[in-house]
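In what follows, a single structure is set out as structure tokens and then discussed.
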Amino acid sequence: MIASLISFLDNMRLQTRISLLVFLGLIATLGLLTVVSLRVVEETTNEIVRERLVLAEVTASHIDTILNDVSLHLAALPNLASFDPNGGDLAQERQVMVHSYAEIGSYASSLIFLDTRGKLILSVPPKDLPVGSDLSSEPYFKEITNASEPNFSNAFLFSLTDKPAVAVTFAVKDGSGKLVSFLSALIYLDSSFLTGLLEPSTRLGRTGHADIVDGNNIVLASTSPVEILLPPHHPGFYRQMLAERKAAVKTTSGSDNYRQPDSRHVMAFVPLESAPWGIGLGASEEDTLAPVRRVQLQSGVLGLLSILVALVLAWFSTNRVVRPVETLIAASERMASGDLATPIKVRGGDEVGRLAAAFDEMRLKLQTAYHALTVEKSRYQGIFDYMADPVFTVDTSLRITSLNPAAERMIGYSNGEATGRYCRDFLHSRDEHAMTGCQSSCPLLPDTDWEKGSIISTEVVCSRQGNKVPVETARAPIYDDHGTLVGVVHVLRDISAQEELNQMKEQFLSNVSHELRSPLGFVKGYATTLLRKDAQWKEKTRQKFLREILHASDKLEHLVNELLDTSRMQAHTFTIECQATRIRPVIDAAVKWVKAQTNRHSFAVSLPPKLPLVLADPERTEQMLRNLLENAVKYSPNGGCINIAGLVEEGMVVISVSDLGIGIQEEQLEHIFERFHRANSRLAAHISGVGIGLSICRSIAEGQGGRIWVKSTYGKGSTFYFSVPLLKKLDESGML
Ligand code: ADP
């Protein structure tokens, strides 16, 4: 429970959390204030109750004093006269009564002298009451006792005056203690005498009121508008109080005829000591507790106001703390998402300000490091992407994790397609019995010694399209920042060109040796024959042998010249000296030279009658023509006619040499002008050569500002063309 509460608090926004804590603190303070104010209210209430009781006691004491005064006067009268109804002249009694009435007349309405049977003997003032009236049936008379103390009656309606009244009666006794007569002081209740005694209740506020009730719970006097001789407004309260006859303060319900009939009243009751009556005074609870309510209201309003002010202050102060923290959080989120450029702005030298400054410094360092990292990464990425050699990396399970475009081209899979594949899917050993480098020299193998650097092995890459490319593979380990081996980088080098070159070199050497061997054999054979001492040769035979030797020497010279030209071409010292040249004699010379070497071929030269002069090196052009004608002869093993033609076309003289020989396969056409390249078709298999003639021809044709090309149909023959620029441009009629 507590743990979940703590986690709930932890998940709250900081400002909400602080505000909540401040709020709870305020609530606790308010609670404390409430307890204190309740205590104050209680004490104030007690004080009010005490005051009310004191007021009631003071009033009661005042009434007691007056009633005692009346009693004392009545009790003093028998000392001044006998008050014996049968005593004859009652002048003395009348005088005494008049005198006494003069003293207590402000309290008592009338003094009456009765015989023991209730017959009115005298009354003062005398006008009011007819002498001789029988008062024995008056309620108060019936209650009179023989006690020596004055009797206080309950309220009654005095029949002679038809007024409500109470009576204080004193039993007069003679010297032997025998009852002689009664002396009563009547107090009319419709006079303001008794009500006037209740005047202190007016201090109790708007609803303040006071009552004097008799022992029968009948109102003798009241400051509220109630009828005399009726029960009071709080009959239950008075009944209980009269029964208990002790001073007390109680809250009682209101009753009819009040302005707020349902309101509750706080009433104090004090029994009178002189009479069996009691006085009650009080006011509505609202009036009574008005000061308390004021205190409550004031403290409530004050409390609420202080909470409000404290809340506003708490909100602003937490805001000042939380806002910079939130700024920091936003900045850190920006940094996490890669924005290291935006500065962190938190002012102030407090803890948060210092934290923000440290954070900003960290951002700057990160930005610098990130920049350096980006540059470095870009550098490596550039190397990786633009490296001519294929490169790919694998993880420890030998699955590809990345590869560069060169590797994509070589294996035929894009980066996305290749990622996750095993390197063994396309990296194979050169022959099925050998192991791949992955099996023999991979850094991931347990006992590979990497201190010596990367290990190089030779494999074959089998591409998606089925091509096989021989490669040299260099492997190097990839470590993470803890030095743990996490993968291997493979750098492949396509060695197919190198292998092809080696093959070509070997082929070239074998071809050259073969080409050298046969004329050399001729030379050696004929020379040896001629030198034989045991043989005498006819001059004709000797001449024939010497011609053969010369022919073989020409061949050797031709071959050596071609080799020399090739090496000059490589050294860029191959020279072409162009001049105004007549092409026909050049063609004739070349045809003548070739004719001498074959008797199975015929030659047909068809040139326009007037071929314009060309800008060419005549010797090199003849060399080129000899080569083309020699090839036409060589690659037409079955003989046939060789056509040499010429025409003028677009500022050039184009010469063609056609044969009806073995022809050239279409895929070879683009390669035959390359150095050392020999078309290895079935038909050309037994025809020797070194593969440099056409490359020299191309150098000559292009060196003169023209070009060389071929059209051929395999098995049917070939036509080689070369163009030579005209010395001068022709006019529109085709003339110089
Ligand atoms: P080679 O010494 O092999 O003849 P060249 O450079 O003269 O070298 O010729 C290159 C290749 O071109 C030859 O190996 C041959 O396959 C092809 N070739 C050249 N001329 C002809 C031709 N007239 N007919 C068929 N093939 C030819």
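What the table below lists for this structure:
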quantity: Centroid-to-centroid separation of region 388-440 and region 609-668 [C-alpha atoms, Å]; calculated: 49
quantity: Mean Cβ count within 10 Å, highest first, over the residues of peptides 233-241, 336-344; calculated: 233-241, 336-344
quantity: Cα coordinate range in region 49-160, projected on the principal axes (Å, largest first); calculated: 57, 28, 28
quantity: If the convex hull is drawn through the Cα atoms of region 171-258, its volume per residue in Å³; calculated: 144
quantity: Cα-only Debye scattering, region 605-736: base-10 log of I(q)/I(0) at q = 0.11, 0.13, 0.14, 0.21 Å⁻¹; calculated: -0.40, -0.54, -0.62, -1.24
quantity: Computed helical MRE - 222 nm, the chain, DSSP H runs ≥ 4 contributing -39500 (n - 2.57), nearest 500; calculated: -15000 deg cm²/dmol
quantity: Region 482-569 - Rg (one decimal) and Dmax (whole number), Cα, Å; calculated: 25.4, 94
quantity: Rg followed by Dmax, in Å, when the chain is reduced to its Cα trace; calculated: 74.0, 234
quantity: Placed amide H near Leu135: partners under 5 Å, 5+ positions off or other chain; calculated: Lys119, Leu120
quantity: Most to least packed among 16-24, 147-155, 719-727, 460-468 [average Cβ atoms within 10 Å]; calculated: 719-727, 147-155, 16-24, 460-468
quantity: Dmax and Rg, reported as Rg then Dmax, of region 306-394 (C-alpha, Å); calculated: 21.6, 80
quantity: Phi to ³J(HN,Hα) by Karplus 6.51 cos²θ - 1.76 cosθ + 1.60 over region 44-53, Hz, x for Gly, Pro; calculated: 5, 4, 4, 4, 4, 4, 4, 4, 5, 5
quantity: Nonlocal amide H pairs with Leu220, under 5 Å, H built at 1.01 Å; calculated: Ile212, Val213, Asp214
quantity: Calculated from backbone phi, Karplus (6.51, -1.76, 1.60) coupling profile of region 220-225 in Hz, x at Gly/Pro; calculated: 9, 7, 7, 7, 8, x
quantity: Net charge dipole size for region 576-733 [Lys, Arg +1 and Asp, Glu -1 on Cβ; Debye, nearest 20]; calculated: 480
quantity: For Pro608, net neighbour charge (Lys/Arg +1, Asp/Glu -1) across residues whose Cβ lies under 12 Å away; calculated: +1
quantity: Sequence ranges 531-538, 265-272, 356-363, ranked by mean other-Cβ count within 10 angstrom, highest first; calculated: 265-272, 356-363, 531-538
quantity: Rounded to whole Hz, the Karplus (6.51, -1.76, 1.60) HN-Hα couplings of region 488-493, x for glycine and proline; calculated: 9, 9, 10, 10, 9, 10
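Read-outs: derived from the displayed coordinates by stated rules, not from any lab. The structure displayed is predicted, hence computed values, not measured ones. Cβ coordinates were reconstructed from backbone atoms using ideal geometry, including for glycine residues, and neighbour counts include every protein chain displayed.
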